[in-house]
Amino acid sequence: MTQSMDIVPSRLERLGRAAKLDKQLKFNNLLHHITPVLLFEAYYKLNRKAVKR
């Protein structure tokens, strides 16, 4: 990720911010925000040393 990408909030971060600002906000379809790249990054950010339950 480049420095400029770190500064620009992602679509999911903007959605999260909007949800915090407006508690009545309803999201009807968020699936189109989930991309293979997002899933890949999330997978590799998982804590490998976390305790399994």
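The values are calculated or read from the model by the stated rules, or taken from the named source; none is laboratory data. Owing to the predicted nature of the structure, the values given are computational and were not obtained by experimental measurement. Cβ coordinates were reconstructed from backbone atoms using ideal geometry, including for glycine residues, and neighbour counts include every protein chain displayed.
Report yes if residue 25 is surrounded by 10 or more Cβ atoms within 10 Å (Cβ to Cβ), aliphatic (A, V, I, L, M), at pLDDT 85 or above and assigned to a helix (DSSP H, G or I), otherwise no.
When the stated conditions are applied, residue 25 does not pass them.
Out of (1) assigned to a helix (DSSP H, G or I); (2) modelled with pLDDT of 85 or more; (3) loosely packed, with under 10 Cβ neighbours inside 10 Å, what's the single condition that is false for residue 17?
Condition not satisfied by residue 17: (3).
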